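Structure record follows, encoded as structure tokens.
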Amino acid sequence: MSTRSMEKPPLWFWIVSILALLWNLMGVLAYLQQAFMTEEALAALSEAERALLETRPAWATAAFALNVWGGLLGCTALLLRKKWARPVLLISLVGILVQMFHSLFIGKNLEVYGPGEISMPLLIILIGVGLVVFARISTKKLWLG
């Protein structure tokens, strides 16, 4: 059994990891805002937006929770330089893909919010994939152990 020591990561590793953590914190805040939406906030939505939230299946909400909490945990693991960041970020990516599949193909998000709605899901998917790749590269470069 060979023991390889960890290498010191470059400055950009820390910058990317901190930005990724902040990105995922915004996702957690969006999830909490939705999960604990008051009756007043729900009433302030349009009828179509309210219907989207009220008819969302539990599995789509669970995927949302998995993606944001997994992303937060995975990015925390990056900052702690733990190689388990990659599988956690991969689980988060699965949550992203399931949530976005629902939003784009099953739910009526595009009808309610318009074609501009596709840009944010695509950005979220791209960042999710990028974080998994970043964690893989960081593990190969021995920045994570």
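The values are calculated or read from the model by the stated rules, or taken from the named source; none is laboratory data. Computed from a prediction, not measured in an experiment: that's the story for all the values here. Here Cβ is always computed from backbone atoms with ideal geometry, including for glycine, and neighbour counts include all displayed protein chains.
Taking region 91-145 on its own, how many of its residues are in a helix (DSSP H, G or I), crowded, with 16+ Cβ neighbours inside 10 Å, at pLDDT below 95 and of a type in the set (Gly, Ala, Ser)? Number of matching residues: 1. Can you work out which of the residues in region 1-58 that are assigned to a helix (DSSP H, G or I) and among the aromatic types (Phe, Trp, Tyr) is surrounded by the most Cβ atoms within 10 Å (Cβ to Cβ)? Here the residue is Phe13. Looking for something under 17 Å from Ser17 (Cβ atoms), without any contact (Cβ under 8 Å) to a residue 12 or more places away in the chain and touching a helix residue (DSSP H, G or I) at 6+ places or on another chain (Cβ under 8 Å) - is there at least one such residue anywhere in region 96-115? No, region 96-115 contains no residue that is under 17 Å from Ser17 (Cβ atoms), without any contact (Cβ under 8 Å) to a residue 12 or more places away in the chain and touching a helix residue (DSSP H, G or I) at 6+ places or on another chain (Cβ under 8 Å).
Looking only at region 68-85, count every residue that is part of a helix (DSSP H, G or I) and farther than 14 Å from Ala35 by Cα and tell me the total.
Filtering region 68-85 for residues part of a helix (DSSP H, G or I) gives 68-79, 85.
Remaining after also requiring farther than 14 Å from Ala35 by Cα: 70-79, 85.
The total comes to 11.
The requirement of being of a type in the set (Phe, Trp, Tyr) and under 18 Å from Val129 (Cβ atoms) is fulfilled nowhere in region 53-62; no residue meets it. Within region 52-67, residues that are of a type outside the set (Gly, Ala, Ser) sit with their Cβ atoms under 6 Å from residues that are modelled with pLDDT of 95 or more, at 6+ positions apart or across chains, in these pairs: Phe64/Tyr31; Phe64/Gln99; Leu66/Gly95; Asn67/Ser92; Asn67/Gly95; Asn67/Ile96; Asn67/Gln99. In this entry, Val16 is excluded by the filter for residues that are of a type in the set (Val, Ile, Thr), modelled with pLDDT of 95 or more and closer than 18 Å to Leu97 by Cα.
For region 63-106, a residue qualifies if it is over 13 Å from the mean Cα position of the chain (by Cα) and within 22 Å of Glu117 (Cβ to Cβ), and the qualifying residues are Phe101, His102, Ser103, Leu104, Phe105, Ile106.
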